[in-house]
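Okay, so here's the structure we're looking at.
The values are calculated or read from the model by the stated rules, or taken from the named source; none is laboratory data. Treat the numbers as computed from the prediction; the structure is a model and nothing was measured. Cβ sites come from the backbone with ideal geometry, for glycine too, and all protein chains shown count toward neighbours.
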Amino acid sequence: MVSIRLNRQGSKNRPYYKIVVVDSRKRRDGAFIEQVGTYDPMVEGVNYKIELEKVDKWLKTGAKASETVASIIKKARATA
């Protein structure tokens, strides 16, 4: 199954995440199919960038978003 989830980047105590489409059997930071956005929890205010067209394409083909990514998508749709 394909999922849309966070891929951790950055250094110790300075996390930065890529929002990626990945096979659900892969490791958290393993190889991914496509990057669809970013999320930086260290930034105040709007701390994400996401390409909703790509996300919609993957959701239509059966990908399942993680709980955190689903909330980011929901916020992005509200502001768009």
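Within the range 51-64, does at least one residue satisfy the condition of being in contact (Cβ under 8 Å) with a residue 12 or more places away in the chain, more than 19 Å from A80 (Cα to Cα) and of a type in the set (D, E, K, R)?
Taking every residue of the range 51-64 in turn, at least one turns out to be in contact (Cβ under 8 Å) with a residue 12 or more places away in the chain, more than 19 Å from A80 (Cα to Cα) and of a type in the set (D, E, K, R).
I need every pair where a residue in the range 24-45 that is in a loop (DSSP other than H, G, I, E, B) has its Cβ under 9 Å from the Cβ of a residue that is of a type in the set (G, A, S), sequence separation at least 6 or different chains.
Filtered contacts from the range 24-45: S24/S3; D40/G10; M42/G10.
Check the range 4-18 and report whether any residue there is of a type in the set (G, A, S), surrounded by 14 or more Cβ atoms within 10 Å (Cβ to Cβ) and either at pLDDT 95 or above or outside any loop (DSSP other than H, G, I, E, B) (or both).
So far as the range 4-18 goes, no, none of its residues is of a type in the set (G, A, S), surrounded by 14 or more Cβ atoms within 10 Å (Cβ to Cβ) and either at pLDDT 95 or above or outside any loop (DSSP other than H, G, I, E, B) (or both).
Assess whether A80 counts as being touching a residue at least 60 places away in the same chain (Cβ under 8 Å) and aliphatic (A, V, I, L, M).
no
Among the residues of the range 35-66, which ones are among the acidic types (D, E) and either modelled with pLDDT of 95 or more or surrounded by 14 or more Cβ atoms within 10 Å (Cβ to Cβ) (or both)?
Within the range 35-66, D40, E51, E53, D56 qualify.
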